[in-house]
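J.: Encoded as structure tokens, here's the structure I'll be asking about.
The values are calculated or read from the model by the stated rules, or taken from the named source; none is laboratory data. Not measured: the values here are computed from a predicted model. Cβ placement follows ideal geometry from the backbone for every residue including glycine, while neighbour counts extend to all protein chains displayed. For the accessible areas, the whole protein counts, side chains as well, though only heavy atoms, and no ligand, DNA or RNA atoms are used. Shrake-Rupley method; radii C 1.70, N 1.55, O 1.52, S 1.80 Å.
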Amino acid sequence: GKQKRRAAVIVMGMSRSGTSLTTSIITKLLNPGGGDEKTVYMGSGAPYPADHANPNGYYERRDVISLDYGTLRTIEKGAWYNFPPGFAQHPTLLNYSGSPSLAAHQRRAFEEKAVPILADMDKRQPWVLKDVRFARMLPLWWPLLTAGAVCVIPYRNPLDVAASSILHSTRVWENYMSAALATTAALGCPTALVSYHDWTSGDARARRQLAGLHAFLR
């Protein structure tokens with residue numbers, strides 16, 4: 001008896017790659033009639049607070065970030081950006097779908113927190129949820145969604161990402177982008193890739209990308 005849901009957009013990828021900017025654009029595309037746009041990406045949840053890195057906000061629910069980060073730390077015993085040896089050869093092993101490293105009680109604990117979040121988001125259709133950690137965590141969310149969900153992966157030059165990130169690492173960029181691509185392919189989630197550079201170009205490329213994203217979401 002899991003509730004069916006639809007018109008869901010999942011944004012993932014690597015931090016400092018335009019995920020917040022892209023989510024803000026998707027929010028406007030999903031909210032053509034105006035009104036309180038925060039409900040599109042936040043429902044009635046609390047927002048992840050803005051800071052000096054993202055003064056306009058992260059377009060994220062605090063409880064989603066907490067759940068994904070906490071689950072990763074519980075299973076991997078490390079930070080959100082730590083990847084185990086051999087990941088490049090077997091990227092889907094990191095997604096915990098049927099993984100023996102994820103105990104039944106851990107999966108139940110995850111679902112007990114995830115189901116109310118999705119039920120809250122479903123009060124407003126359509127909606128978008130964003131967390132870069134969906135690149136690794138989406139297989140745990142996926143059984144609670146339907147095939148109606150679509151995925152969006154923003155990307156940016158890895159050297160630019162490393163320069164603007166506190167991690168200063170192209171390896172983390174490589175791992176997270178590989179995880180996002182492997183996860184969406186394994187789950188069969190219809191996926192659009194969008195370029196941070198095109199968003200900030202201020203020319204016809206931004207307009208073409210916006211039109212393409214709008215058509216994809218429709």
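One line per residue, one yes/no per condition, for (1) at pLDDT 65 or above; (2) of a type in the set (Lys, Arg); (3) farther than 19 Å from residue 149 by Cα:
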{"position": "89", "(1), (2), (3)": "no, no, yes"}
{"position": "98", "(1), (2), (3)": "no, no, yes"}
{"position": "110", "(1), (2), (3)": "yes, no, yes"}
{"position": "113", "(1), (2), (3)": "yes, yes, yes"}
{"position": "123", "(1), (2), (3)": "yes, yes, no"}
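J.: If we keep just the residues of the stretch 182-191 that are touching a residue at least 24 places away in the same chain (Cβ under 8 Å) and surrounded by fewer than 18 Cβ atoms within 10 Å (Cβ to Cβ), which is nearest to residue 26 (Cα to Cα)?
T.: So in the stretch 182-191, the residues touching a residue at least 24 places away in the same chain (Cβ under 8 Å) come out as 182-184, 186-191.
Checking which are surrounded by fewer than 18 Cβ atoms within 10 Å (Cβ to Cβ) leaves us with 186, 188, 190.
Numbers: 186: 24, 188: 21, 190: 15 Å.
Looking at the filtered set, the residue picked out is 190.
J.: How many of the residues making up the stretch 194-218 are surrounded by fewer than 15 Cβ atoms within 10 Å (Cβ to Cβ), within 27 Å of residue 142 (Cα to Cα) and among the aliphatic types (A, V, I, L, M)?
T.: 1
Residue-by-condition table, conditions (1) over 13 Å from the mean Cα position of the chain (by Cα); (2) more than 20 Å from residue 166 (Cα to Cα); (3) small (Gly, Ala, Ser):
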position: 36; (1), (2), (3): yes, yes, no
position: 39; (1), (2), (3): yes, yes, no
position: 43; (1), (2), (3): yes, yes, yes
position: 46; (1), (2), (3): yes, yes, yes
position: 49; (1), (2), (3): yes, no, no
position: 56; (1), (2), (3): yes, no, no
position: 64; (1), (2), (3): no, yes, no
position: 74; (1), (2), (3): yes, yes, no
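J.: Suppose we filter the stretch 106-132 for residues that are in contact (Cβ under 8 Å) with a residue 40 or more places away in the chain, of a type in the set (D, E, K, R) and surrounded by fewer than 21 Cβ atoms within 10 Å (Cβ to Cβ); how many remain? Reasoning before the result, please.
T.: Pass one, the stretch 106-132, residues in contact (Cβ under 8 Å) with a residue 40 or more places away in the chain: 110, 113-115, 117-132.
Of the ones still in play, those that are also of a type in the set (D, E, K, R) are 113, 120, 122-124, 130-131.
Now restrict to residues that are surrounded by fewer than 21 Cβ atoms within 10 Å (Cβ to Cβ): 113, 120, 122-124.
The qualifying residues number 5.
J.: Looking only at the stretch 28-84, how many residues end up being assigned to a loop (DSSP other than H, G, I, E, B), of a type in the set (D, E, K, R) and either open to solvent by 40 Å² or more (accessible area, probe 1.4 Å) or more than 21 Å from residue 177 (Cα to Cα) (or both)? Walk me through how you get there before you give the answer.
T.: So in the stretch 28-84, the residues assigned to a loop (DSSP other than H, G, I, E, B) come out as 30-37, 43-46, 48-60, 77-84.
If we keep only those that are of a type in the set (D, E, K, R) too, we end up with 36-37, 51, 60, 77.
Filter once more, keeping what is either open to solvent by 40 Å² or more (accessible area, probe 1.4 Å) or more than 21 Å from residue 177 (Cα to Cα) (or both): 36-37, 51, 77.
Selection size over the stretch 28-84: 4.
J.: Let me ask something else about it. Here's a check for you: in the stretch 155-180, which residue that is touching a strand residue (DSSP E or B) at 6+ places or on another chain (Cβ under 7 Å) and part of a helix (DSSP H, G or I) is farthest from residue 140 (Cα to Cα)?
T.: First, the residues of the stretch 155-180 that are touching a strand residue (DSSP E or B) at 6+ places or on another chain (Cβ under 7 Å): 155, 177, 180.
With part of a helix (DSSP H, G or I) added as a condition, the list becomes 177, 180.
Details: 177: 18, 180: 14 Å.
Selected residue: 177.
J.: Further question: Among the residues of the stretch 1-16, which ones are crowded, with 16+ Cβ neighbours inside 10 Å and either more than 16 Å from the chain's Cα centre (by Cα) or at pLDDT 95 or above (or both)?
T.: 5, 9, 10, 11, 12
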